[in-house]
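Everything below concerns the one structure shown next.
Rule-based calculations on the coordinates, nothing more; no lab input. Because the structure is predicted, anything quoted here is derived from the model rather than measured. Neighbour counts are summed over all protein chains in view; Cβ atoms, including those assigned to glycine, are modelled from backbone coordinates with ideal geometry.
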Amino acid sequence: MSAALVWLVFALGLAGAEALTGDMFLLMLSGGALSAAGASWLTNWPLWTDGAVFLVVSVLLLVLVRPALRRRLWAGAGAETGVRALQGKTALVLDRVEQHGGQVKLDGEVWTARPLTDGDVFEPGEQVTVMHIDGATAVVSKVL
């Protein structure tokens, strides 16, 4: 069996193992093994040079490609969702907001609203900031 075929099988094995981990570490090693297979197939250099190609390419992939790939794949992991994503947004008062009710337009939807501080009143057309969501009611305050 030729060295290129051994490197190719090694690369495929690493890529298959990566499917189980999802950490992108084994995938970078697989890229190094694939480049070593290509070097072995294209040149007739000794086996230690294939190992050097594997080492150099794997390290370069781990240092240069893996961090950017992980950032791109995990970019949305920390994003707020649901009602937490609405906190701090600006809303438009549609119907007078006072202690016992009112309505605001928030992200294109109409929400019932009440002021954060008792006694505050917001008239239609005013901009308010959503402090938090209480059930189905937006608790709002003056624009910060």
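For a paramagnetic label modelled on HIS100 (point 7 Å from Cα along Cα→Cβ), amide N atoms under 18 Å away belong, within segment 119-143, to 119-123. Can you compute the FRET efficiency between ARG70 and THR112 using 1/(1 + (r/R0)^6), with r the Cβ-Cβ distance and R0 = 35 Å? Round to the nearest 0.05. The formula returns an efficiency of 0.25 here. Annotation note: trypsin sites (Lys or Arg not before Pro) in segment 51-114 located in DSSP loop regions with a Cβ neighbour count of at most 16 within 10 Å are LYS89.
Taking label points 7 Å from Cα along the Cα-to-Cβ direction, THR21 and LEU92 give a separation of 5.2 nm. Within segment 54-144, the GluC sites (Glu not before Pro) that combine a DSSP coil assignment with at most 14 other C-beta atoms in a 10 angstrom radius are GLU80. For segment 4-14, putting each phi into the Karplus relation 6.51 cos²θ - 1.76 cosθ + 1.60 with θ = phi - 60° gives couplings of 4, 5, 5, 4, 5, 5, 4, 5, 5, x, 5 Hz, in residue order, rounded to whole numbers and with x for Gly and Pro. Using the Cβ-Cβ distance between LEU55 and ARG84 with R0 set to 30 Å, the FRET efficiency works out to roughly 0.05. All C-alpha to C-alpha distances of the chain, sorted into 10 Å bins beginning at zero, yield P(r) values of 12, 26, 12, 8, 11, 13, 11, 5, 1 percent in whole numbers. Per-residue 3J(HN,Hα) values for segment 47-61, derived from phi via the Karplus relation 6.51 cos²θ - 1.76 cosθ + 1.60 with θ = phi - 60°, read 4, 5, 6, 5, x, 5, 4, 4, 5, 5, 5, 4, 5, 4, 5 Hz in sequence order (x marks Gly and Pro). Sparsely packed loop sites in segment 1-110 (the chymotrypsin sites (Phe, Trp or Tyr not before Pro) outside DSSP H, G, I, E and B with at most 10 other Cβ atoms within 10 Å) comprise TRP74. Considering only DSSP beta bridges whose two residues both sit in the chain, what percent are antiparallel, to the nearest 5? Of the beta bridges lying entirely in the chain, close to 80 percent run antiparallel. Packing here is the average count of other Cβ atoms within 10 Å per residue, and on that basis the peptides 56-65, 27-36, highest first, run 27-36, 56-65. Share of pairwise Cα-Cα distances greater than 17 Å in segment 1-83 is 52 percent (whole percent).
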